[in-house]
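Engineer: The structure that follows is given in the form of structure tokens.
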Amino acid sequence: MRNRSALHFVLIIGIANFFADFTYEGARGIIGPFPGSLGASAVVVGFVAGLGELMGYGLRSVSGYFADRSHRHWAFAFFGYAINMFAVPALALSKQWPLAASLVVSERIGRGIRKPTVEAMLSYAGKSIGADKPSPAIALRFAIQPSALEFASCVKPMCQSSLPHSS
């Protein structure tokens, strides 16, 4: 991978991560109250949140292993992004708590599938950016991604608060 194309790749992944995090960061605040408003008990809400985290973190090593073995990092990344970007908007359309609970777990699963493959591709691109100067390349790679993620975390609540609310 050439330096310029690797840098473009890092920037594009940063933008994609921005939009993925924009969707799921907005949903993090409603994971408890929304299923509860649909009739789920506190025990169910806690179980679903814990199960989602367990599945998401548990799948990271599995998806990373299979992506490395099959050399299909892009397929795993797109599949994870698709699950992630489908589950959160679909959560708004759910009318029953079992569906909402499954979408909450699905969102965490999508993140668990995409995260290790995207990180592997970014580490390869970071290495390509600075083959002769590894320190600035690593700094650049690790500066762009967290900046995009933190920006999404800040912008999403501001966008939500600017929407009209019905009482």
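The values are calculated or read from the model by the stated rules, or taken from the named source; none is laboratory data. Since this is a predicted model, take the numbers as computed values, not measurements. Glycine also receives a Cβ, built like all others from the backbone with ideal geometry; neighbour counts cover every protein chain displayed.
Engineer: Identify, from the list Ala120, Ala137, Ala101, Ala82, the residue that is within 23 Å of Ser5 (Cβ to Cβ) and either surrounded by 20 or more Cβ atoms within 10 Å (Cβ to Cβ) or modelled with pLDDT of 90 or more (or both). If you could, list the steps in order and put the result at the bottom.
Structural biologist: Details: Ala120 fails: either surrounded by 20 or more Cβ atoms within 10 Å (Cβ to Cβ) or modelled with pLDDT of 90 or more (or both); Ala101 fails: within 23 Å of Ser5 (Cβ to Cβ); Ala82 fails: within 23 Å of Ser5 (Cβ to Cβ).
Criteria check complete, one pass: Ala137.
Engineer: Kindly indicate whether Ala77 is at pLDDT 90 or above, within 21 Å of Ile15 (Cα to Cα) and among the aliphatic types (A, V, I, L, M). It would help to see each step written out before you state the result.
Structural biologist: Numbers: at pLDDT 90 or above: yes; within 21 Å of Ile15 (Cα to Cα): yes; among the aliphatic types (A, V, I, L, M): yes.
It is true that Ala77 is at pLDDT 90 or above, within 21 Å of Ile15 (Cα to Cα) and among the aliphatic types (A, V, I, L, M).
Engineer: As an exercise: evaluate Pro35 against (1) within 14 Å of Gly112 (Cα to Cα); (2) out of contact with any Ser or Thr (no Cβ under 7 Å at 6 or more places or on another chain); (3) surrounded by 15 or more Cβ atoms within 10 Å (Cβ to Cβ); (4) of a type outside the set (Gly, Ala, Ser) and give the number of the one condition it does not meet.
Structural biologist: Evaluating Pro35 over (1) within 14 Å of Gly112 (Cα to Cα); (2) out of contact with any Ser or Thr (no Cβ under 7 Å at 6 or more places or on another chain); (3) surrounded by 15 or more Cβ atoms within 10 Å (Cβ to Cβ); (4) of a type outside the set (Gly, Ala, Ser) leaves (1) as the failure.
Engineer: Being hydroxyl-bearing (Ser, Thr, Tyr) and in contact with a Pro (Cβ under 7 Å, 6 or more places away or on another chain) narrows it down to one of Ser41, Ser63, so name that one. So that I can check it myself, show each step before the final result.
Structural biologist: Numbers: Ser41 fails: in contact with a Pro (Cβ under 7 Å, 6 or more places away or on another chain).
Among Ser41, Ser63, only Ser63 is hydroxyl-bearing (Ser, Thr, Tyr) and in contact with a Pro (Cβ under 7 Å, 6 or more places away or on another chain).
Engineer: Now, a different point. What are the residue pairs meeting all of these: first residue in the stretch 4-22, first residue within 14 Å of Ser128 (Cα to Cα), second residue of a type in the set (Gly, Ala, Ser), Cβ atoms under 6 Å, and 6 or more apart or on different chains?
Structural biologist: Ala6/Ala125; Ala6/Ser128; Phe9/Ala125; Val10/Ala125
Engineer: So, one more: Does Ala92 meet the test of being in a helix (DSSP H, G or I) and exposed (fewer than 14 other Cβ atoms within 10 Å of the Cβ)? Give the steps one after another, and end with the answer.
Structural biologist: Numbers: in a helix (DSSP H, G or I): yes; exposed (fewer than 14 other Cβ atoms within 10 Å of the Cβ): yes.
Yes, satisfied.
Engineer: Additional query: Just a yes or no: is a residue in the stretch 54-67 modelled with pLDDT under 85 and either within 23 Å of Ser123 (Cβ to Cβ) or not in a helix (DSSP H, G or I) (or both)?
Structural biologist: Let us first name the residues in the stretch 54-67 that are modelled with pLDDT under 85, namely none.
No - not one qualifying residue is present in the stretch 54-67.
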